[in-house]
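Each value in this text was obtained by applying a stated rule to the coordinates, not by laboratory testing. Please read these numbers as outputs of a predicted model, since none were measured by experiment. Backbone-built Cβ (ideal geometry, glycine too); neighbour counts: all protein chains shown.
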Amino acid sequence: MITPPASSSKRSITFRKIKDIDHALLSYALSSALTEPDAALSLEEHVHHYNSTLLDGLDRFAPEKTRLVSFHRSAPWFTDHLRALKSEGRKIERRFRRTGLTVHKLSFREHQKTYSSALRSTRASYYSTLIDSGHRNPRHLFSTINQMLKPCSSSTTTPSSDDCNRFMDFFKTKVENIRHNITPNQPDPHPDHAPHDGPALDHFAEVTQPELSSIVLKKLLHQLFGPHPHITIESVSISHHPHCNLHNKQVPVFW
């Protein structure tokens, strides 16, 4: 089953690297700053001085850092039970990496199998219920299937005149390169063919009505009588022949 990736949003977080603090240097800095308390100060002033000294030491050895991170929206089928299993798996993984014991390694593997099985069953149950709820409504059913299988839509760009000009220049340069690479004087692939020295066929004479009638009659005589050289158009009057009238579409049987 293909599901579209969840949308993400950028957020700014602030953190300190507490684990990178040198404890010896921090202890020396705090002991030097927190000297004998002044008896003239009130209780509130002592508390403020103590908090200020601790914060100054923390800012010195572990300053605050800001970073942009992506937060993904959880899938609709990701339940609180799955979230708790995922959190528990991270605890077991940290314990295994810290100790390196085989028992913790086996525990982490078993938990991962349980978590994967819970993911598959919960997702399948969610989509099965979703599809079954819309089996009487084809429009809702097809919309649900489309949301499940539709890939992530690519980001659309707004067309501009610069894009159109670049697109036009690309094909213009392509055509110019092709024309430049064509050899102007190519050898004749058929040298045996002599060039035509006669007049150029730039116009044709108009066909007259008698010429057209003669061509049609020759074609008809050839179809009716075959190749008989003694039969000519002048010896046969097709339109007035008693046994061969083209207007009545009658031809003698012995022909």
ASN181/THR158 FRET efficiency (R0 41 Å; Cβ-Cβ; nearest 0.05) = 0.65
Relative contact order of the range 10-71, pairs being alpha-carbon contacts under 8 Å that are 6 or more residues apart, as % = 73
If the chain between LYS19 and THR173 were fully stretched, how many nm would it gain, using 0.36 nm times the residue separation less the Cα-Cα distance?
-> 49.4 nm
May I ask you to sort ILE145, ILE13, ILE182 by Cβ crowding, counting other Cβ atoms within 10 Å and putting the fewest first?
-> ILE182, ILE13, ILE145
Under the 7 Å Cα-to-Cβ spin-label approximation, THR114 and ALA29 lie apart by a distance in nanometres of 4.3
What nm value, rounded to one decimal, do you get for the distance between ARG136 and LEU217 when each label is placed 7 Å out toward the C-beta?
-> 8.8
Taking the Cβ-Cβ separation of LYS65 and LYS86 as r and a Förster radius of 30 Å, what is the calculated FRET efficiency to the nearest 0.05?
-> 0.70
By the Cα gyration tensor axes a ≥ b ≥ c (a/c under 1.5 gives rounded; else a/b larger than b/c gives prolate, otherwise oblate), the shape of the range 10-71 is oblate
Euclidean distance of C-alpha centroids, the range 100-122 and the range 20-34, integer Å = 42
Pairwise FRET efficiency - PHE78 versus SER143, Cβ, R0 = 30 Å, nearest 0.05 = 0.90
